[in-house]
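The values are calculated or read from the model by the stated rules, or taken from the named source; none is laboratory data. It should be emphasised that the depicted structure is a prediction, and the values quoted were computed from it without experimental measurement. Every residue, glycine as well, gets a Cβ built from its backbone with ideal geometry; the counts of neighbours run over all protein chains shown.
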Amino acid sequence: MRRKFLLLLETGLVLAGLCLGVSAWKIHSALEQPLNITQEELLEVPKGTTPTRTLYRLEADGVIKDAFWLRVYWRFNLARQPLHKGEYRMQPGMTVEGLIDLWKRGEIVQYSLTLVEGWNFHQVRQALAKEEKLEQTLDGMSDSQVMEKLGHNGIFPEGRFFPDTYRYVRGMTDVELLKKAYDRLDEVLAKEWGQRSADLPYKEPYQALIMASLVEKETGVPQERGQIAGVFVRRMEMGMLLQTDPTVIYGLGDRYNGKLTRAHLREATPYNTYMISGLPPTPIAMVGREAIHAALNPVAGTSLYFVARGDGSHVFSDDLDAHNNAVREFQLKRRADYRSSPGPATAPEALDEQMPIPAASPNMAPDSLEPVPPQEPAQVASPESAAPVDEPPQESSPAPAQQPAEEPAAAPVPEPDAAAPQSPQ
């Protein structure tokens, strides 16, 4: 009886060894098999998909064989290894083991979306909607509903997102990407606020963000950001109106058709800095770190005006007479190749001086062709040039007005003189 038991035990061990050997061989063969593809393909792994389901899907598609043995391998060797959602790049000649290595490393195909300095929130939403690899969840929502979904109910969205290049994977939602941009802006603003200059006319970081958006929209040459911020800050400290055209354009919203007129400068909106004192109620665009730094560290000086030279840079002036002389030199005698921001690598063809000048940058507003006489203190001429009546501006498309939840009323001030005051450019 004992011999019979030992014989059965020996036979069982042999059979078990054979089964293990066969299983090891089957698993090895399954891992070493090349993927049955002839060109690069992307394997999409949706959120919540298990390795088993993915392996059987590949087998059903004819890409691999022996999914059962691969499932056994994963279960006994990689049971705690997560399979991240996204896309994995499958190359001709790659083995199943190579594909599993991608899964283990989480080597997911990444895409990028660049949010550009100077964009408004409408443009941000348009850019998000074009990203086919992003899961779109914001369609049909108002801006306030978007902010509520982000967890920032009651926060006005304009200027609240940081312009940068953001990486994402297939299956990531538009909300997730926006959260990254929102948090990044908060981080940068807090850091720059902590390193700000003394005696600035801001009570809170949000006011600095508003100022940074004006600097962003007015700057054609990056190194002039600090000087332009200095002009705006000094004007605020002196009680002068900021009178900057980009705020007027933003306040017009969809009504802005590419022409900024003196009637627009007289129109009372919460954003018309020809009619309100101080800053507008919200930012008018997204801003980069450099614009925030400039707003919080303006260049010291005495200039209160600036006018575009035509090559993207500006002439800064301390008084109205010097400014009007600069206007005469660089605006009244404007060349056909005049530009408010740096020109392209290839010089444009000469244009008739009576023809509209093509927009060089969406940041730049039109320039006045006539000097401005001195005005009363409450209505001091602004640092740059205002739009002549019906002259095509340098702005190529409107910045949609996004009214805040609680709009402050425009502060009434005397109407501009018939010769329009001059706007910072």
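A few remarks follow.
- Breaking point among (1) assigned to a loop (DSSP other than H, G, I, E, B); (2) under 21 Å from residue 82 (Cβ atoms), for residue 54: (1)
- For segment 298-331, the candidate set comprises residues that are of a type in the set (Gly, Ala, Ser) and in a helix (DSSP H, G or I); within that set, the residue that is farthest from residue 233 (Cα to Cα) is 326.
- Residues being in a helix (DSSP H, G or I) and more than 24 Å from residue 135 (Cβ to Cβ) - total across segment 25-51: 8
- Residue ID - modelled with the lowest pLDDT, chosen from residues in segment 288-331 that are more than 30 Å from residue 181 (Cα to Cα) and among the acidic types (Asp, Glu): 311
- Pairs are defined by a Cβ separation below 9 Å, a sequence spacing of at least 6 or placement on different chains, a first member in segment 304-329 that is within 16 Å of residue 245 (Cβ to Cβ), and a second member that is surrounded by fewer than 18 Cβ atoms within 10 Å (Cβ to Cβ); the pairs so defined are 305/318; 305/319; 305/322; 307/329; 314/221; 327/369; 327/370.
- Long-range neighbours under 9 Å by Cβ, at least six apart or interchain, first residue in contact (Cβ under 8 Å) with a residue 12 or more places away in the chain within segment 50-73, second outside any helix (DSSP H, G or I) and charged (D, E, K, R): 63/41
- Residue-level check: of (1) surrounded by fewer than 19 Cβ atoms within 10 Å (Cβ to Cβ); (2) within 15 Å of the chain's Cα centre (by Cα), residue 194 misses just (2).
- Number of positions in segment 197-246 that are surrounded by fewer than 24 Cβ atoms within 10 Å (Cβ to Cβ), at negative phi and of a type in the set (Asp, Glu): 3
- Qualifying residue in segment 175-184 (condition: modelled with pLDDT of 95 or more and either in contact with a Cys (Cβ under 9 Å, 6 or more places away or on another chain) or small (Gly, Ala, Ser) (or both)): yes
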